[in-house]
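A.B. asks: Quick one: structure below, then a few questions.
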Amino acid sequence: MAENTSDTGTDESLDSEEMTIEECILHLHDTISPYVQQNPTSTNTQLFCMLALLNAYVPESYLLLPDCQQILGPPDPIHGGPPFEERMKPFTILINTSNPSPGHISFIHQMFAQAAVEVLCSFNISMSDKVEELMVKLCGDEVQPYIIPFIKDLLTKREMGAIRQDKFSRMIEDILKREGFYPALSVLMTASNKFHLNPIFPQAVARLNYIARKPSDYRRAEQWANKAIERAPGSSYMADTLGQIHKNRLMKTSIVNTADRAFAAFEDVERKAENEAGPEMVGEGTVNTSNSFNNRGLFGFIQVAKIAYEKCNTQQREHLIQNTKRNRKVEDIFKFFSWYLTYSKPDMKTLEPSYFWKDVSRCYKYFTTETAAESTSFSGLLDCLNHGLFTSRGKRAGFQEDTKTVFELEEIQGALKASYEENVNDIRVAERYILSNIILSNRMPDSPQLTPVRELQAIIQRFLSAELQRRSPEFYLLVLLLFWPEEQPPVVQSKDDEEVGQLDTDDDNSEDTTWEDTEINEEPAANTEPEQLPPDLNLLDSNLQQYVTFMETAFERAGYAKYLRGRYLLPLFFLGKGTGLCKWIHKSTLDAIVEENVDAELVGAQGNIKLEKTIMINDMWINGEVWLLPKIRDILLPIRVEPYHPLIGPRLKEEPVLVCVGGQRIKAMLNNVGPDASVMSYYLGFNIQGLVVFKAGSEALVVP
């Protein structure tokens, strides 16, 4: 049926550029509603419905004008028909014909599209029917490339909620609520048939069959998951769906056979994830790429092991944990996630779901009888100062987790000291022993049990010459922490400062050897075995940049660049105003101050306090308000920075700068998130990749 082009009663006084949501809703009810009821099958009503659905769920989407003309049908303007705007009355006022470019047809605002969808649904117009009509009309034998990502997002993009990711796209979720399972299934099957090479649509059908269908149909889900794998045989994300189906089935059915299939499926996910490259390899001949490492194979294996253990009887459990290969796998995955969650999180505003660490640590305890919170691995030591904080992974997992006491930290340091003395050539033990001192100094700077800095420097010096460029990122982190020069606090600097003079050092007041104090041996010792090296402090090269570069290279070599790609690297320590070990402030100290500040603001608040607290803490870090808190400014040491090169083009989220310290200029990454000020101060942090500089605003921005 063609559109009705008679007088539609459009309010000509309305200006689409200045229309409010209230005016839009009034226009929808007074003008558009009667028209749609009288002309439900007219082509302009059909096009309006399609645009409303697209823009309500995919904000940046649009249709090209020729495609809109195709939906409207003859007569086309080029053949003497009325112009597009005329044919779209009474909807024209809500439609933009030049966003983002001329000939791109969309709603003038997403809120108006969402309001239109609500009105259309009130007339029992089926969303699923309209989406299928859109695919039928625009996705024929030759699909326009621009429409594919819009359809993909419309039907498969899952939003991240406050706690966890949605199970389906918002469109599919709404169809399930309003129309039921089968209309949602029909839409996804139509998409799978239309886009017969794309694996994401059969993957969505598979997920729908075991998550939304009541009861779950695992046979159909497995068939569709295998169809997705056939379309993308190297994709770990497609393989993960099959593992999730077996895991879900394990929770509701028998154990042994289902568990074995689930283990095998997630091991397949892991193999494929290992072979996937980062997005920088697109176009380099790499078959499968992904923006981030797919951890679902590892996590899925842990979940299956946990579920199987919990469902087994005592005899079955003994058989389950006697599998040496499986036990070792559980331990390896626990170690992986221990450093993975210590060094990174999905992005600045997102944490892993609370169940993530809960499942990992419980499974680890089932198979080893050891408690995750008691781990003294390098990452375990870094995490132990987080215990008791609102944002700690143990607290979020719902565990009873108390703040580590000084006595407990001294016990850990003492045990690691004894272990080192028995294994003086074990570099991993040495690293943990040194770190335990830095951790203890954060909680009790004057603890009599602390090892003098010179002794710790001597320990790490013994390992420097042997395999100098082949150590771990953790090793070079300790080198930089132990030998970082001690400086007088610089003045805040103007944003226009580009020439920064050499800074004076604080040698007169320092009892610790700094990089400047050391002499350089040009010739390394002939015997490079660590135990043969003298424990003097003359082997260390005074070039800080060299060790920063070693750390960055080690980050790649250790696989961290691969496994942590696309994730936000958490700062581990910040440079403070103290001396010796006390100049390094663990991030947990800042987190505690932020939590205290947020708690004060939430006194007397009502509603979901836990969620509100989470949002407020995240916002303070994202907006850079953290750096304006007086208690934080009191403990951190401002640094001097210079531009690495003149800024050309738009400001990046991260960009290189030069940190001026000890008469040297060292390359670091500037985190551009933070307050802007004409006179700027900066703070220095370390993540597992290297140096990070944070914009801290100026004293004028600080709120007392």
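A.B. asks: When the residues of the range 287-324 are narrowed to those that are within 21 Å of R362 (Cβ to Cβ) and β-branched (V, I, T), which ends up surrounded by the fewest Cβ atoms within 10 Å (Cβ to Cβ)?
C.D. replies: T314
A.B. asks: Still on this structure: Could you tell me which of the residues L564, L575, L570 is surrounded by fewer than 20 Cβ atoms within 10 Å (Cβ to Cβ) and modelled with pLDDT of 95 or more?
C.D. replies: Step by step, each of L564, L575, L570 is checked, and only L570 is surrounded by fewer than 20 Cβ atoms within 10 Å (Cβ to Cβ) and modelled with pLDDT of 95 or more.
A.B. asks: Among the residues of the range 412-431, write down those that are surrounded by fewer than 15 Cβ atoms within 10 Å (Cβ to Cβ) and closer than 21 Å to H387 by Cβ.
C.D. replies: Once the filter is applied, which keeps residues that are surrounded by fewer than 15 Cβ atoms within 10 Å (Cβ to Cβ) and closer than 21 Å to H387 by Cβ, the range 412-431 yields G414, A415.
A.B. asks: Sticking with this one: Condition test on K329, is it more than 17 Å from S235 (Cα to Cα), touching a Phe, Trp or Tyr at 6+ places or on another chain (Cβ under 7 Å) and not acidic (D, E)?
C.D. replies: yes
A.B. asks: Now a separate question. How many residues, within the range 178-208, are more than 20 Å from S126 (Cα to Cα), touching a Leu at 6+ places or on another chain (Cβ under 8 Å) and of a type outside the set (G, A, S)?
C.D. replies: 1
A.B. asks: Pull up the range 17-52, narrow it to residues that are farther than 27 Å from I151 by Cα and surrounded by 15 or more Cβ atoms within 10 Å (Cβ to Cβ), then point me to the one that is modelled with the highest pLDDT.
C.D. replies: Taking the candidates together, the pick is Y35.
A.B. asks: Of the numbered conditions (1) modelled with pLDDT under 85; (2) of a type in the set (V, I, T); (3) under 23 Å from H29 (Cα atoms), I78 satisfies every one except a single condition; which is it?
C.D. replies: The failed condition is (3).
A.B. asks: Here is a further query. Of the numbered conditions (1) over 27 Å from T403 (Cα atoms); (2) buried (at least 19 other Cβ atoms within 10 Å of the Cβ), E467 satisfies every one except a single condition; which is it?
C.D. replies: (2)
A.B. asks: Next question. Condition test on M1, is it aliphatic (A, V, I, L, M), under 41 Å from the mean Cα position of the chain (by Cα) and at pLDDT below 90?
C.D. replies: Here the answer is no, as M1 does not meet what is asked.
A.B. asks: Filter the range 103-117 for residues that are in contact with an Asp or Glu (Cβ under 9 Å, 6 or more places away or on another chain) and under 11 Å from Y62 (Cα atoms); which is modelled with the lowest pLDDT?
C.D. replies: Checking each candidate, the answer is I108.
A.B. asks: Which is more than 15 Å from K152 (Cα to Cα) and crowded, with 23+ Cβ neighbours inside 10 Å, of N248, N209?
C.D. replies: Within the list N248, N209, the selection yields N209.
A.B. asks: With the structure loaded, tell me whether Y237 is more than 23 Å from the chain's Cα centre (by Cα) and of a type in the set (F, W, Y) or whether it fails that test.
C.D. replies: For Y237, the condition - more than 23 Å from the chain's Cα centre (by Cα) and of a type in the set (F, W, Y) - is not met.
A.B. asks: Name the single residue, out of those in the range 53-66 being of a type outside the set (A, V, I, L, M) and buried (at least 18 other Cβ atoms within 10 Å of the Cβ), that is nearest to F112 (Cα to Cα).
C.D. replies: Once the filter is applied, the top-ranked residue is N55.
A.B. asks: Right, here's the next one. Exactly one of these conditions fails for S101: (1) within 33 Å of the chain's Cα centre (by Cα); (2) surrounded by fewer than 17 Cβ atoms within 10 Å (Cβ to Cβ); (3) assigned to a helix (DSSP H, G or I); (4) not acidic (D, E). Give me its number.
C.D. replies: So S101 meets the others, but not (3).
A.B. asks: Same structure, new question: Take the range 176-195 and flag every residue that is farther than 13 Å from M135 by Cβ and part of a helix (DSSP H, G or I).
C.D. replies: Within the range 176-195, L176, K177, R178, F181, Y182, P183, A184, L185 meet the criteria.
A.B. asks: Quick one: is N55 assigned to a loop (DSSP other than H, G, I, E, B) and within 23 Å of P145 (Cα to Cα)?
C.D. replies: Here the answer is no, as N55 does not meet what is asked.
A.B. asks: Another one. Could you list, in sequence order, all residues of the range 366-421 that are β-branched (V, I, T), in contact with a Leu (Cβ under 9 Å, 6 or more places away or on another chain) and assigned to a loop (DSSP other than H, G, I, E, B)?
C.D. replies: Residues satisfying the conditions are T376, T391, T403.
The values are calculated or read from the model by the stated rules, or taken from the named source; none is laboratory data. Predicted, not measured: the structure shown is a model, and the values here were computed from it. Glycine also receives a Cβ, built like all others from the backbone with ideal geometry; neighbour counts cover every protein chain displayed.
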